[in-house]
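> I have a structure I would like to understand better, so I am pasting it below and will then ask my questions one at a time.
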Amino acid sequence: MSKGTTLEPAPSTADDAKTEAFALTTSRQFPDWLADSGASLALTTYQSGKVILVGTNKESGRLSIFERTLERPMGMAFEGKRLAIATIVSITVFVDAAEGAATADGHDAVFVPQSASYTADIDTHDLAYAENGVLVFANTLFSCLAATSPTHSFRPVWKPPFISRLAAEDRCHLNGLALRDGRPAYVTCVSETDIADGWRDNRTGGGVVVDIASNEIVCRGLSMPHSPRLHNGRLWVLNSGAGEIGTVDLVLRVKYCTQCAHKLFVSHPSLLPVIVLRTVPGRTGYPYTVSVYNVGAGTVRTGIDFLVIVDLPSSVCALGGAQTARRPFREP
């Protein structure tokens, strides 16, 4: 992938300018692709506490990059004019106040904080708007799927069949959620363990994808799977421990891994190609690039733990600030 320019957006505050250096490097063709799509991308990176909005400037044709610092941002969900972002102790909903009208700074979408659900530190991962606008999320600490609640930190919705009870022990590291027709359909777990932090000893090859409706495991043998998504009838999964993104065959219940996909190349070409995200040696800041490889090339773990990308319908976006506060957890 050819290298493009490195852009450095203005820091959010004067204090940020003194303590943080931020740069985003893209491939040369990326700005044209994003402009043609007429959309923006929202990304989170919890390790550096950043929410990044990437759009294009229609007049200059250059990327428009806006970033805000939140406390451990992870899952995001977008619906209509609402953008929900999960942080360390809350899920904050931002609303587009611009409503399509360009601001003085040229932004045609400005997301300002409107409401928040305080969850306490339950390690919220994937987040989605289910039917009727309900926010559901992967409650990783309690090994369950949950929904926001007006009276409690969360409302349990479902737990995997191998989890015996809800406990604040991160037993299987349930982290990813995929919807089908507005309803939770699949989750990813790093392992099938039912003891406190048991997943940590099963990160290589212990990952599974679970069908919520049937309670069946449809895929095994993954390495730290995250971020399942249904698209055009295919279930995509980030196999982060191997630095891969691929699909799961829901008919044959084929486990997705490099070796398996390579063996099934002739009869199941839909498993290829694999999009591999890998770090770039020597690059600082956000050292990720995206390339397409044939299965069988072989990859190693590259530090990709969690990937959240939300497609926004506006070309240039901005995000307002949000305040968070801690509160004790109250088990429902």
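> Please go through (1) crowded, with 21+ Cβ neighbours inside 10 Å; (2) within 19 Å of the chain's Cα centre (by Cα); (3) closer than 22 Å to residue 130 by Cα; (4) not acidic (Asp, Glu) for residue 159 and return the number of the only condition it doesn't satisfy.
(2)
> Another question, then. Search the range 38-48 for residues being in a loop (DSSP other than H, G, I, E, B) and of a type in the set (Ser, Thr, Tyr), and hand back the single one that is surrounded by the fewest Cβ atoms within 10 Å (Cβ to Cβ).
Residue satisfying both the conditions and the ranking: 48.
> Being modelled with pLDDT under 95 and assigned to a loop (DSSP other than H, G, I, E, B) is the filter; apply it to the range 168-213 and report the residue that is surrounded by the fewest Cβ atoms within 10 Å (Cβ to Cβ).
The qualifying residue surrounded by the fewest Cβ atoms within 10 Å (Cβ to Cβ) is 181.
Here's the yes/no breakdown for (1) among the aliphatic types (A, V, I, L, M); (2) in contact with a strand residue (DSSP E or B) (Cβ under 7 Å, 6 or more places away or on another chain); (3) on the phi < 0 side of the Ramachandran plot:
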| residue | (1), (2), (3) |
| --- | --- |
| 162 | no, no, yes |
| 171 | no, no, yes |
| 174 | yes, yes, yes |
| 184 | no, yes, yes |
| 190 | yes, yes, yes |
| 209 | yes, yes, yes |
| 220 | no, yes, yes |
| 228 | no, yes, yes |
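> Output the residues belonging to the range 145-167 that are within 14 Å of residue 198 (Cα to Cα) and either part of a strand (DSSP E or B) or of a type in the set (S, T, N, Q) (or both).
Selection gives 164 alone.
> Suppose the filter is among the hydrophobic types (A, V, I, L, M, F, W, C), surrounded by 19 or more Cβ atoms within 10 Å (Cβ to Cβ), farther than 17 Å from residue 163 by Cα and in contact (Cβ under 8 Å) with a residue 24 or more places away in the chain; does residue 250 pass it?
No: the conditions fail for residue 250.
> Considering only strands (runs of 3 or more DSSP E) fully contained in the range 49-135, which possess at least 1 residues that are more than 29 Å from residue 178 (Cβ to Cβ)?
Output list reads 63-69, 109-118.
The values are calculated or read from the model by the stated rules, or taken from the named source; none is laboratory data. Please read all numbers here as calculations on a predicted model, not as lab measurements. So basically every Cβ, Gly included, is an ideal-geometry build from the backbone, and we count neighbours across all protein chains shown.
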